[in-house]
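The values are calculated or read from the model by the stated rules, or taken from the named source; none is laboratory data. Because the structure is predicted, anything quoted here is derived from the model rather than measured. Note that each Cβ is placed from the backbone with ideal geometry, even for glycine, and that neighbours are counted across all protein chains shown. Surface areas here come from the heavy atoms of the whole protein model, side chains and all, with no ligands, DNA or RNA. Shrake-Rupley method; radii C 1.70, N 1.55, O 1.52, S 1.80 Å.
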Amino acid sequence: MTTDAPALRKSLTKASRPLGIITDRTFRVLALVAGLTVLVVLALIAIYTTREAWPWFREEGLGIFTNNWDPAHNHFGALGLIYGTLLVSVIALVLAVPVSIGIALFVTDVAPRRIRRPIVYTVDLLAAIPSVVYGLWALIVLAEPLASLFGSVSDATASVPILNTLFANPSASGKSFMTAGVVVAIMITPIVTSITREVFATVPESQKEAALALGATRWEMIRGAVFPHSRSGMVAASVIGLGRALGETIAVTLVIGSSIQLTSQIFGPGETMASVIANQFNEASGTHRSALIGLGVVLFAMTILIGIAARSVAARAERRSAGTV
């Protein structure tokens, strides 16, 4: 004896698809298009800027990694500019990350609830200030006191090995790698703080309470429960801040001193890739213009490579926290 399944009514088999399925598929397509748009935009930026910069790459070759930027004689070695960009960014990161982590810890784990919101609003407000305002403030208010401070530090360390080279020949105007690094550090602190604060807020309260219940002090709780859980997030926040520091233009242009050089003297004037583009692009033509666009390509590539390296570090930190490494 066989039993056949009852046939479905014709109205059921030919009914239109439920609205939820159509909406879901539409959302999926829109999300895919949005994701691909980002990749297309990045690809177009890379392709067109590289095409415009190709005369510089072809003419200079490996000479782009020499310290010989001299538009008057048609030489465009960019090593000094790459060095200045990295030096200012490293100074900014060294100054900004500890302060940002301290602010984030204070807001999430130390500060009374009634003062947390004003602090968060103030930090977020700093991120909204235009970079030119930071640059003008540093030029008018900060440069002269820093010049005096640099001179005092240079005199105090004149007999100390290594430091006497690092802090030698301070700029009399206060325009220097260090000044630019300080300004950029102030600018990236709100970004790093906001991201780090959100990462710290994801630490389960049960882990914190367990550490405190076992007799840990507040610092031991932070070191044993908060930092391990947030390590990859702190790395990501630092890299985002570094990306902002690498590309900062106007504020750095105003306070760095416009002197292309390879030097260990961080109190001396310098130049970055972004600032030289801002200073020279309007008057540039021919290979000079291609070289400036090429600096943008190099800066773009540096940002991507740093992002890839940071993802690798963050992934390794997550595996270590999970006990798989």
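Things worth noting here:
- Restricting region 298-312 to residues that are touching a helix residue (DSSP H, G or I) at 6+ places or on another chain (Cβ under 8 Å) and of a type in the set (Val, Ile, Thr), the residue that is farthest from residue 47 (Cα to Cα): 306
- Residue match in region 2-17 (condition: open to solvent by 70 Å² or more (accessible area, probe 1.4 Å), modelled with pLDDT of 80 or more, more than 15 Å from residue 295 (Cβ to Cβ) and of a type outside the set (S, T, N, Q)): no
- Total residues in region 222-274, condition of a type in the set (A, V, I, L, M) and within 30 Å of residue 204 (Cβ to Cβ): 10
- Hits in region 204-224 (condition: within 20 Å of residue 99 (Cα to Cα) and aliphatic (A, V, I, L, M)): 221, 222
- Looking across region 58-94, the residues that are over 19 Å from residue 279 (Cβ atoms), hydrophobic (A, V, I, L, M, F, W, C) and modelled with pLDDT under 90 come down to 62, 65.
- Of the residues making up region 24-58, those that are under 17 Å from residue 290 (Cα atoms), open to solvent by 90 Å² or more (accessible area, probe 1.4 Å) and among the aromatic types (Phe, Trp, Tyr) are 48, 54.
- Number of the condition not met by residue 196 [criteria: (1) buried (at least 17 other Cβ atoms within 10 Å of the Cβ); (2) over 26 Å from residue 248 (Cβ atoms)]: (2)
Rundown of residues vs (1) among the charged types (D, E, K, R); (2) under 29 Å from residue 111 (Cα atoms), yes/no style:
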site	(1), (2)
162	no, no
176	no, no
187	no, yes
209	yes, yes
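- Residues of region 172-186 satisfying the condition of being surrounded by fewer than 24 Cβ atoms within 10 Å (Cβ to Cβ) and either in contact with a strand residue (DSSP E or B) (Cβ under 6 Å, 6 or more places away or on another chain) or in a helix (DSSP H, G or I) (or both): 175, 182, 185, 186
- Any hit, region 23-40, residues being touching a strand residue (DSSP E or B) at 6+ places or on another chain (Cβ under 9 Å) and either at pLDDT below 85 or closer than 24 Å to residue 81 by Cα (or both): no
- Listed by first and then second residue, the pairs linking a residue in region 284-305 that is farther than 20 Å from residue 88 by Cβ and touching a residue at least 24 places away in the same chain (Cβ under 8 Å) to a residue that is open to solvent by 30 Å² or more (accessible area, probe 1.4 Å) and β-branched (Val, Ile, Thr), with Cβ atoms under 8 Å apart and 6 or more places separating them unless they lie on different chains, are 293/49.
- Qualifying residue in region 95-117 (condition: modelled with pLDDT under 90, small (Gly, Ala, Ser) and more than 30 Å from residue 220 (Cβ to Cβ)): no
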